[in-house]
Structure formats: structure tokens, C-alpha cells
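Have a look at the structure below before the remarks.
The values are calculated or read from the model by the stated rules, or taken from the named source; none is laboratory data. Since we're looking at a predicted model, the values are computed, not measured. Note that we place each Cβ from the backbone using ideal geometry, even for glycine, and neighbour counts take in every protein chain shown.
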Amino acid sequence: MPESPTRTVVISGATDGMGRATALERLRRGDTVIAIGSNGAKGRSLVAEAGAGDRLRFIQADLSSLAEIDRTIGEIKQHSGGVDALVLFANRQSPKRRETPDGLEHTFALYYLSRYLLTRELTPLLDASSNPVIISVAGVGNKAGEIHWDDLQLTRRYSTIRAQLQAGRANDLLGVAVAKHCKARFVMYHPGFTRSGDTGMFNPVIRLALTVLGKVAARSVASAVEPIHGFIDNPPEQPLTAIDRGKHVDPSLRTLDPAAADRLATVTEELLKGL
């Protein structure tokens, strides 16, 4: 049997949890990985552990910042003639509302807007691949939460859960919109509760609770990322795939409404033009 072709894989949120595990496994399989993360020490640790030489490029960037996103995209374009897989993990919960330097609510900027911009701006590199795929790891299949059209930046009634749910529903609609026009297949993947990520932003009581709960109820990182490698190695044939904890999501779900996806794309472009 012929060996599988090597790929160029871009991963956001690549220095923790599932993102880190995915990066290391892709490198083990011989791929070239562009790993994006905000923590320089964790990035250097990833590079040291991987020992992959020039097959791993780490880009330190805060993807809640539009300027940092733009710089990151520029570096990727400078060093890569094509991208076979774009894997989107970057997310960080904020117990209190905070704004980015661009005046955007942090969760909205990092969890949704960075994925929107990376997808939009890297489309030419994805189109250069013979079999490209975009994988967005978020909460597809979850019907809770909504897009707060009159207050996208959650200036009123902010809560961590409200912000996470809104950005999650926005990422659902991003997949629907992109699948209409992009050569790359778009996979929305929800692994369920996983022992992954940084809990340092929470107070000690919540951190302890999450640690205990993770030990008894969460999936391992290795189990959670296993399907991702299948999507990279063999992208689905259909333009849009949505998987929630191993089960296909009904495309008629209200959170995947095409009209809402078009509306959000328009609103997002208007927002960006105003910044």
C-alpha cells in the first residue's frame, strides 16, 4: 500500500490540550504543521517536544487581536504555498467581560472572529490543495444559546456561559456560510466534555471542581482528537459535516439556519469595515 501523502496543517490553539495533541500527532505522521498559540513558553515547549525541525513552525499570536490575526495570516502566506487542513481550536473563557484592543468582547473576538478571518483569508491557500478541509472544534449540536443581534458585544447581561454559547452558535453559522462557496469541506466537530484546555482564568474553587469532574466524566484528549485525524486524512465528500459526540447533526437544526448564516456573514463584514 502506498504511504499517505504528507500535508500542511494549520492549527490555532495549538499549544494546549487537543490542539497540542493534534499538532504532535500530525508531525509524527510526517506532516508540516503551523502551530498558532498565544503563550510563547508553551510554544517553545511544543517545538522542543516535537523535535520536528523545519516541519514545525510556531507563530506566537493573540488571536483576539485583529492586528495579530493579520500578522499571523501574513506569516502563513509567506511560508506556505498551500494549506491542506485548517484546524480551529482557539478559545478561552472569560469569567468577567473584557474588551480587546479593537473594542470587541473577548470571547466573540477569539472564539468566533478569529475563525472567521482565518477561514476567509486562508481560502486561497486551501484552494491550492487538492483535497482541503477546515475543522472547527466547537459545540455544534448544542441548541442552547443564541446570536444577540442587538448586542453582539454583550455590553448588557454578560456571563461566561452566555458569551461562550453565542460564539458557539456563531461558529455553527460560519460553517454553514463557508460550505456554500469554499472548495474546502467544512467539518464542525463537538467532542463533548474533554480533559483539555487551560483553567487558570478561574478561581481556585472552580478549578478544583473542573479537575475533579474531568477525572470522572470527561473524555481523554487522545480519544477526543482521534476523529480529527480521520477528517484530515480523508475529508468528507459533502461540503458540510457536523458531528456532535460521534453522531451526525441534523442539518435542519435551527442553529444551522442558512438565512441566519448569511445574516451573520453580512453583519460580520460590516463590523470589520467599521473597525
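Just wondering, is there one or more residues in the stretch 8-25 that are more than 29 Å from residue 152 (Cβ to Cβ), surrounded by fewer than 20 Cβ atoms within 10 Å (Cβ to Cβ) and in contact with a Lys or Arg (Cβ under 9 Å, 6 or more places away or on another chain)? The answer is no; no qualifying residue exists. For residue 263, the conditions (1) modelled with pLDDT of 95 or more; (2) basic (Lys, Arg); (3) exposed (fewer than 15 other Cβ atoms within 10 Å of the Cβ) are fulfilled apart from (3). Condition first: among the hydroxyl-bearing types (Ser, Thr, Tyr) and in contact (Cβ under 8 Å) with a residue 60 or more places away in the chain. Now tell me which residues in the stretch 96-128 satisfy that. Within the stretch 96-128, 107, 111, 112, 114, 116, 119, 123 qualify. Selection of the stretch 59-89 for residues being in contact (Cβ under 8 Å) with a residue 60 or more places away in the chain, buried (at least 24 other Cβ atoms within 10 Å of the Cβ) and under 19 Å from residue 112 (Cβ atoms) yields 86, 87, 88, 89. Scanning the stretch 39-65 for residues that are of a type outside the set (A, V, I, L, M, F, W, C) and within 8 Å of residue 15 (Cβ to Cβ) yields 39, 42, 43, 45. When you check residue 135 against the structure, is it within 16 Å of the chain's Cα centre (by Cα) and closer than 20 Å to residue 91 by Cα, yes or no? The answer is yes for residue 135. Close Cβ contacts (under 6 Å, 6 or more residues apart or on different chains) running from residues in the stretch 131-160 that are within 11 Å of residue 243 (Cα to Cα) to residues that are part of a loop (DSSP other than H, G, I, E, B) comprise 137/89; 140/249; 141/249. State whether the residues of the stretch 138-152 include one that is surrounded by fewer than 16 Cβ atoms within 10 Å (Cβ to Cβ), touching a Leu at 6+ places or on another chain (Cβ under 6 Å) and not in a strand (DSSP E or B). Yes: one or more hits. In the stretch 43-58, what count of residues is obtained for those that are surrounded by fewer than 19 Cβ atoms within 10 Å (Cβ to Cβ) and in contact with a strand residue (DSSP E or B) (Cβ under 9 Å, 6 or more places away or on another chain)? Selection size over the stretch 43-58: 5. Only residues that are closer than 22 Å to residue 118 by Cα, without any contact (Cβ under 8 Å) to a residue 60 or more places away in the chain and of a type in the set (A, V, I, L, M) were counted in the stretch 1-45, giving 7.
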